[in-house]
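Structure, as structure tokens:
Taken together, the values in this text are just the output of simple stated rules run on the coordinates, not laboratory data. All values reported here derive from a predicted model rather than from experimental measurement. We place every Cβ from the backbone using ideal geometry, glycine too, and count neighbours over all the protein chains shown.
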Amino acid sequence: MRYLCIGNDTIRAEWLPRWYKVPYKDCKFLHKREVHRDFEYPMIDMILEPRPNKDYEQHLKILKTERLLDGI
């Protein structure tokens, strides 16, 4: 599985794999979403972003469940 980690002004994209508990080697990194929002991301399965309530593991479970329900 490939992940796109997008940071913001206070959280670096490189920190997100540790918080979401996903392999670092499976991630691509962007530092701000608004700069690249129209860019197509080939070979990316999930987009991981900073969460205001820090529920990273729960959010990853939700993303994976949505992916299964969408049949991807």
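For segment 3-69, what relative contact order do you get, as a whole percent, if you take Cα pairs closer than 8 Å and at least 6 residues apart? Kindly include the intermediate steps, with their values, before the conclusion.
Working: 76 pairs, mean separation 27.4, N = 67.
Reported as a whole number, the value is 41 percent.
Quick check on the exposure proxy: order MET1, MET43 from fewest to most C-beta atoms within 10 angstrom.
On the way: MET1 11, MET43 7.
Final ranking by Cβ density, sparse to dense: MET43, MET1.
Can you give me the long-range amide H partners of ARG2? Hydrogens built in the peptide plane at 1.01 Å from N, cutoff under 5 Å, separation of 5 or more residues or another chain.
ASP45, MET46
Counting only other residues whose beta carbon sits under 13 Å from that of CYS27, what net charge do I get with K and R as +1, D and E as -1? It would help to have the intermediate numbers written out before the result.
On the way: positive: ARG2, ARG12, ARG18, LYS21, LYS25, LYS28; negative: GLU14, ASP26, ASP45, GLU49.
Combined, the nearby Lys, Arg, Asp and Glu give +2.
Using 0.36 nm times the number of residues separating ILE47 and GLU66, minus their current alpha carbon distance, what extension gain do you get? Please report the intermediate quantities before stating the final value.
Working: separation 19, 0.36 × 19 = 6.84 nm, distance 1.25 nm.
Full-extension gain reported as 5.6 nm.
Using θ = phi - 60° and the Karplus relation 6.51 cos²θ - 1.76 cosθ + 1.60, list the HN-Hα couplings for segment 51-59 in order, rounded to whole Hz, with x at every Gly or Pro.
So the Karplus estimates, Gly and Pro as x, are 10, x, 9, 6, 9, 4, 5, 5, 5 Hz.
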